[in-house]
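The values are calculated or read from the model by the stated rules, or taken from the named source; none is laboratory data. Model, not experiment: these values are computed from the prediction. No Cβ is skipped: glycine too gets one built from the backbone with ideal geometry, and neighbour counts run over all protein chains shown.
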Amino acid sequence: MSTKYKKFYRRNLPHIQPEDSVLFVTYRLYFKLPSDYIETIKQMKSEFHSKTDSIDKKQQEIERYKFNLQLSEFEDDYIGKFKNSPLWLNDHRIADLIKNSLFWHNQKLYDLFALCIMPNHVHIIIRPLRSEGEPYPLQKIMRDHKHYTAREANKILNRKGNFWLDEHYDHYIRNENEFNRILNYLYLNPVKANLVAEPEDWKYTFINEELC
């Protein structure tokens, strides 16, 4: 995988990083999802394409942007309540490892606006900083963070093998209203997953009040 800055690249998912953009990123532990869920996602995508095939390209891009965010939130809600995944991030030693790694690179590689560490996935809102005139590539930020935390978490768990799913989801935030909506979504995520009654009771949520 290239670690040079690219505004757009595609793997299984599209990844868009405009210069100086604020990004909402979700990444999860490595585990397989059930076939009926995968079929539901395929059906949602098929219905979207059927509805948008006949509209003009510009409007199609707008609709795709909204659909991808809605799809991400649908997937996140499902994964947050999924009972057959590993819950390694419930271990405070590993959650602290993830949080400290994200804090370590704050103001070095990116500005960290917010984070939420759930039992099987993580949300962050960041703005990559610049190096030699170009933004730090998100794919390099995530690769290095996941490589380090996977190695150290496996040591804690006394295990070997994949820890993180290789690919992450990212969404660039276009305006203040969208930023506030996504920030609120991140903040309320532990409540929606029935982990706590009040969002402030979740230990592994951080909101950078200087930036938010």
Report, by residue number, each residue of the range 186-211 that is within 13 Å of I124 (Cα to Cα) and either out of contact with any His (no Cβ under 8 Å at 6 or more places or on another chain) or not in a helix (DSSP H, G or I) (or both). Y187, Y204, T205, F206, I207, N208
Out of E19, E47, E75, E61, report the one residue that is part of a loop (DSSP other than H, G, I, E, B) and out of contact with any Cys (no Cβ under 7 Å at 6 or more places or on another chain). E19
Failed condition for C212, given (1) in contact (Cβ under 8 Å) with a residue 60 or more places away in the chain; (2) surrounded by 13 or more Cβ atoms within 10 Å (Cβ to Cβ), with all others met? (2)
So if I check each of K140, K99, K146, which one is at pLDDT below 95 and either touching an Asp or Glu at 6+ places or on another chain (Cβ under 8 Å) or assigned to a helix (DSSP H, G or I) (or both)? K140
For the range 40-82, enumerate the residues that are more than 29 Å from N194 (Cβ to Cβ) and of a type in the set (K, R). K51, K57, K58, R64
Picked from the range 170-179 (must be assigned to a helix (DSSP H, G or I) and more than 16 Å from the chain's Cα centre (by Cα)), the residue farthest from P18 (Cα to Cα) is N177
Enumerate the pairs (first residue in the range 190-205 and within 17 Å of L87 (Cβ to Cβ) and in the same structural domain as A114 (by TED's automatic domain parsing); second residue anywhere and among the small types (G, A, S) and surrounded by fewer than 17 Cβ atoms within 10 Å (Cβ to Cβ)) with beta-carbon separation below 9 Å, excluding pairs fewer than 6 apart on the same chain, so at least 6 apart or on different chains. none
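Residue-by-condition table, conditions (1) loosely packed, with under 13 Cβ neighbours inside 10 Å; (2) polar (S, T, N, Q); (3) not assigned by TED's automatic domain parsing to the domain that holds E209:
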| position | (1), (2), (3) |
| --- | --- |
| S72 | no, yes, yes |
| H92 | yes, no, no |
| R127 | no, no, no |
| E132 | yes, no, no |
Within the range 41-70, restricting attention to residues that are loosely packed, with under 14 Cβ neighbours inside 10 Å and of a type in the set (V, I, T), which residue is modelled with the highest pLDDT? I55
Quick check on the range 114-122. Is at least one of its residues buried (at least 17 other Cβ atoms within 10 Å of the Cβ), among the small types (G, A, S) and under 16 Å from the mean Cα position of the chain (by Cα)? yes
